[in-house]
Amino acid sequence: MSALAALRLTDPDEKVAATRAISAISLDGATDSIATEAIRTTGDDLGVPGRPERPLRVAATAVQKRSPFTTEGRAALIHSICHIEFNAINLALDAVWRYDGMPEAYYRDWLRVAHEEAQHFTLLHAHLQDMGWRYGDFPGHDGLWNMCEKTKDDVLARMALVPRTLEARGLDATPLIQGKLKRVNTPDALRAVEILDIILRDEVGHVAIGNHWYRWLCERAGIDPEASYPALVARYDAPRHKPPFNLEARGRAGFSAEELRQLSQAQDKA
Ligand SMILES: [Fe+2]
């Protein structure tokens, strides 16, 4: 099984099982076959990413915001995070198969991310099912995958704009969501807070992996990571960082002192 084959699977449970299997193999040092076999066997993106017919894909602006003080509203919230995690499995697998010629550690890192995203999806999906819903019962939007599409020919832009931009927003958003759920204070809301603790802990590591490889690629290209970042945001029309920022988590995730200073300044102005 290659990362591309796992990425193409449409059934969430099959994708989770395949992702677990290939990340377990990678621990024995066999990332070669997982990463590059795929590159040799395909020249196109047909069937990428594999995803189920549901959730229906809608524009981000069309996703209804619901109150977390109703059970259905909380299910919709858990579903939206579940959908992000499903996309996150896909984007980690995509980072593995798409880019040739990176160091072994790069493939190992992204397989670890894929494995953890599969765990996040599984935890949230189990919780959603306990609440009486399933993945696919609400619509979802495609923001994460769209940025993968746009950056498919440029691993440096991918590292800059997917993990350290879009996924970093999860570090900012998660404590706010947890705060709301704590105020709701029902058993299902408190279980969701626990799951989000696990997710936040792991996502710091994922953003750190993005930061590490972004800086590594900048060094290889002989460009300055901090000066190059705004140009990449503009070129690929990426979302800007929006306050409030979780500066503590972003610091652990490898943003530099200068980047944190700029974020904190932007936050003070907002
Ligand atoms: Fe995740």
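The values are calculated or read from the model by the stated rules, or taken from the named source; none is laboratory data. Remember, predicted model here, so these are calculated numbers, not experimental data. Methodologically, a virtual Cβ is constructed for each residue, glycine included, from the backbone with ideal geometry; neighbour enumeration extends over all protein chains shown. These area figures cover heavy atoms from the full protein model, side chains too; ligands, DNA and RNA do not enter into them. Shrake-Rupley method; radii C 1.70, N 1.55, O 1.52, S 1.80 Å.
Miscellaneous remarks
- Think of each Lys and Arg Cβ as +1 and each Asp and Glu Cβ as -1; about the Cα centre, that makes the dipole of the stretch 3-269 roughly 840 debye.
- Note: relative contact order over the stretch 64-126, using C-alpha pairs below 8 Å and six or more positions apart, is 39 percent.
- Computed over the chain, the per-residue total of -39500 (n - 2.57) for DSSP H runs of n ≥ 4 gives a 222 nm mean residue ellipticity of -22500 deg cm²/dmol, rounded to 500.
- Sites count as exposed loop sites when they are trypsin sites (Lys or Arg not before Pro), lie in a DSSP loop, and have at most 11 other Cβ atoms within 10 angstrom; the longest stretch of the chain without one is 66-239.
- For the pair the stretch 55-71 and the stretch 139-160, the centres of their Cα atoms are 22 angstrom apart.
- Relative intensity, log₁₀ I(q)/I(0), of the chain from a Debye sum that treats every alpha carbon as a point, q = 0.09, 0.10, 0.14, 0.16 Å⁻¹: -0.40, -0.50, -1.01, -1.31
- Global form of the stretch 208-270, assessed from the alpha-carbon gyration tensor, a/c cut-off 1.5: oblate
- For the chain: relative contact order, % (alpha-carbon pairs under 8 angstrom, 6 or more apart): 18
- Kyte-Doolittle mean at least -1.0, axial Cα span of 30 Å or more - DSSP H helices of the chain: 71-98, 104-130, 187-221
- Rolling a 1.4 Å probe over the protein chains gives Thr71 an accessible area of about 70 Å².
- By accessible area with a 1.4 Å probe, ligands and nucleic acids excluded, highest first: order of Ile22, Ile223: Ile223, Ile22
- Pairs of Lys residues in the chain that lie 8 or more places apart, or on two chains, and have C-alpha atoms under 24 angstrom apart add up to 9.
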